[in-house]
Amino acid sequence: MFLLVSVVVGCRIADTDAVTPVPQFLAFLPWLLVPAGFGLLLAVLARWWFGVVWALALLGALAWFIEPYGRTTQPVGPPVASFRVLTSNVEFGQAADTLAAAVRREKPDIVFVQECDAGCDDTLRKELGGDYPHRAATVLAGSKGSLVLSRFPLDAADGIPGTMAMPGAVADVRGNAVRLQLAHPMPPLPGRTDVWRRELGELRDFAAEDHRTPLVLAGDFNASQDHAAFRRILDTGMQDAARLDGHDRTPSWPARTTPTFGVQIDHVLLSEDFSASAVRFLDLAGTDHRALVADLTLHQRR
């Protein structure tokens, strides 16, 4: 038990995701407190003092890494525009109807949708087309399709190449250009962690390439702050809306066990031009992900 936890904690200390099964265990890093704590109890009962010290060291390291990663900054310029975003993985399009209902209820200005197939696209056009006349969509089968819906006018952008579609656009938010980029890299499947790492790297490069235009990077990242590849995105200066509003460990997946157990892999990442408030996670029938809603305020640069 201690050996497994030690390997995962060691990789976290070394700032590496290593290979399968380390990325999978890293996703649930806070929950390793349970076996480490249980091991401490057994070591005390057995009077195995080396084991007690070992367990305490593991618990201390885990407690340290549970803290939010990186720094946060608050914009100093005056606010120029406020809007609401929602991101949702609808799991092969199965939650299209419940997403449409949530969108009508929450009234976001921009919606990022992952795993939206042709049937999902048809449903959202029918249910929401009148309220969201602007879109950037790549409609593909299964988990590969994704789209961005917007009340604001959109200019075309290249998006990011990946196994699953990651469309992008530039929104005119009340006279302010805002880059929108949907994120949906491959999950860290056994034997394919190289693809997962590479596609997170593409997102990192995208976030780093242009600091002049405000950016909202949102979707299912298939990664948490406990993954080194995700932290490299944050290192570009991007900030997690959930963390800015005090929800840095609120789980979004798997929905059937949240909020009791899970991991936050769905994110709204923001350039430093933004502040965030009223962040909340929504349970939607038909998908294994919770939707994420955030109210954003764009600030003027100084």
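Take the Cα atoms of segment 1-92, build their convex hull, and give its volume per residue in Å³.
Residue-normalised Cα hull volume stands at 172 Å³.
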Contour minus end-to-end for Ala141 and Ala157, with contour as 0.36 nm per residue of separation and end-to-end as the Cα-Cα distance? 3.6 nm
Report the charge-dipole magnitude of segment 79-299 in Debye, nearest 20, computed about the Cα centre from +1 at each Lys and Arg Cβ and -1 at each Asp and Glu Cβ. 220
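What share of Cα pairs, in percent, lie more than 13 angstrom apart in segment 186-243?
So the pairs more than 13 Å apart make up 60 percent of the total in segment 186-243.
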Just name one of Leu3, Phe83, Ala285: the one whose Cα is farthest towards the positive end of the charge dipole of the chain (beta-carbon charges, Lys/Arg +1, Asp/Glu -1). Leu3
Kindly point out, ordered by number, any Cys in the chain whose beta-carbon has no other cysteine beta-carbon under 4.7 Å away. Cys11
Residue with peak Gaussian network fluctuation, the chain [Cα springs, cutoff 10 Å], from Gly175, Gly129, Gly286: Gly175
Which of Cys120, Trp54, Ser143, positive extreme of dipole for segment 21-168 (C-beta unit charges): Trp54
Hey, quick one: spin label on Asn176, modelled 7 Å out along Cα-Cβ, who in segment 193-233 has an amide N within reach, i.e. under 11 Å? 214-215
Given the DSSP H assignment, sum -39500 (n - 2.57) over each helix run of at least 4 residues in the chain and divide by its residue total; what's the result at 222 nm in deg cm²/dmol, nearest 500? -10000 deg cm²/dmol
Average silhouette area of the chain, convex hull of alpha-carbon atoms, in square nanometres: 15.5
In the neighbourhood of Glu127 defined by beta carbon distances under 13 Å, the net charge of the other residues (Lys, Arg +1; Asp, Glu -1) is 0
What do you get for Rg/Rh of segment 85-204 when both radii come from the Cα atoms and Rh is the Kirkwood radius? 0.98
Exactly which trypsin sites (Lys or Arg not before Pro) in segment 1-108 are in a DSSP loop and have at most 12 other Cβ atoms within 10 Å? Arg47, Arg71
Whole Å is fine, so just give me how far the alpha carbon centre of segment 95-169 lies from that of segment 1-71. 39
Given Leu26, Gly175, Pro185, which one lies farthest toward the positive end of the charge dipole of the chain, if we put +1 on the Cβ of every Lys and Arg and -1 on the Cβ of every Asp and Glu? Leu26
Taking 8 Å as the Cα distance limit and 6 or more residues as the minimum spacing, I'd like the relative contact order of segment 2-66 as a percentage. 38
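Values quoted throughout were computed directly from the atomic coordinates according to the rules given, and no laboratory measurement underlies them. This structure is a prediction, so every number in the text was calculated from the model and none was measured. When we count neighbours, we look across all protein chains shown, and the Cβ atoms used for this are built from the backbone with ideal geometry, even at glycine.
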